[in-house]
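Written out below as structure tokens is the structure these notes cover.
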Amino acid sequence: MLTTAVKRPSTLRPRQILLHRFSSTRSLQAVVVARALQRERRRAAAERDAAIYAAEADGHDDLDDLAGWAGSQPIDLD
């Protein structure tokens, strides 16, 4: 898709800018709906991932042992 740069007046509102970019209101509505659907899909996927992580969590952090070991090591400040 080839787009041409067109200078737009700075007085246009965001909706007017979008209407300027898309040839019709219907194509603008399609873009808005498509973006909303993508956002909803990402949200649903993140919710599923969070449920999986919560179900797999056993309360023990893998880094706890490393932090305990590192805390017991002497620090050489010289």
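The table for this structure:
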{"quantity": "Summed side-chain charge close to Val33 - residues other than Val33 whose Cβ falls under 12 Å, Lys, Arg +1, Asp, Glu -1", "calculated": "+2"}
{"quantity": "Net +/- balance of residues flanking Arg42 in space, Cβ distance below 13 Å, scoring K and R +1, D and E -1", "calculated": "+2"}
{"quantity": "Pairwise FRET efficiency - Ile75 versus Glu47, Cβ, R0 = 35 Å, nearest 0.05", "calculated": "0.20"}
{"quantity": "Nitroxide proxy distance, nm - points 7 Å out along Cα→Cβ at Gln38 and Glu56", "calculated": "2.7 nm"}
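Laboratory data are not the source of any read-out in this text; all were calculated from the coordinates shown. Keep in mind that what you see is a predicted model, and the values were worked out from it rather than measured. Cβ sites come from the backbone with ideal geometry, for glycine too, and all protein chains shown count toward neighbours.
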